[in-house]
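S.K.: Below is a structure I'd like to ask you about.
What follows is calculated from the coordinates using simple rules that are stated; it is not laboratory data. Just so we're clear, the structure is a prediction, and the values are computed from it rather than from any experiment. Every residue, glycine among them, receives a Cβ derived from its backbone with ideal geometry; neighbour counts consider all protein chains shown.
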Amino acid sequence: MSKQNAIDLTQFDDGFRAEQAEERTDFESVPDGKYQVTVEKVELTEAQSTGNPMLRWTLRILGPKSANRLMWRNSVITANTLKFVKTDLHTCGLELEKLSDLPKHLSRLLDVKLEITKRTKGDNENVYFNRRIETGRAAGNFRQEAGDALVPF
């Protein structure tokens with residue numbers, strides 16, 4: 001028996017029956033603008049309308065405005081979009097010799113920090129990757145070196 005089947009939820013049955021599900025249609029989109037995000041999830045899937053391969057990105061806003069809100073970007077892969085897909089991967093620090101290697105390297109895109117721009121035109125919301133935000137030792141050293149350079153001698 002799987003762990004999920006071992007959990008007894010019967011104690012909640014009466015309360016669950018009595019609850020009314022809420023219709024939620026009041027979710028506001030994240031306002032247009034620039035955001036710092038982290039790549040929370042990225043998966044290779046197929047576009048529903050065309051069946052073309054597609055990268056589905058889930059991005060979590062780091063803040064301060066709209067902190068922890070989610071944004072999504074779908075990158076459909078066709079002969080006409082290869083340049084854009086390659087640019088996005090490059091921005092995220094992933095250099096590939098051939099696109100067919102991408103499935104083996106998707107995990108390297110997780111937790112990448114990016115500056116993005118969100119723009120709305122009509123009913124279409126677009127998310128653009130501006131640049132990678134360097135974190136860790138290299139960024140820390142830069143700040144320390146910059147600070148040292150500003151110390152009067």
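S.K.: If you go through the stretch 65-93 one residue at a time, how many are touching a residue at least 40 places away in the same chain (Cβ under 8 Å) and not β-branched (V, I, T)?
M.R.: Of the residues in the stretch 65-93, 5 are touching a residue at least 40 places away in the same chain (Cβ under 8 Å) and not β-branched (V, I, T).
S.K.: Okay, next question. Does S75 satisfy the criteria of being closer than 17 Å to E125 by Cβ and exposed (fewer than 15 other Cβ atoms within 10 Å of the Cβ)?
M.R.: So S75 fails the test.
S.K.: Being of a type in the set (S, T, N, Q) and surrounded by fewer than 11 Cβ atoms within 10 Å (Cβ to Cβ) is the filter; apply it to the stretch 92-128 and report the residue that is nearest to V37 (Cα to Cα).
M.R.: Once the filter is applied, the top-ranked residue is S107.
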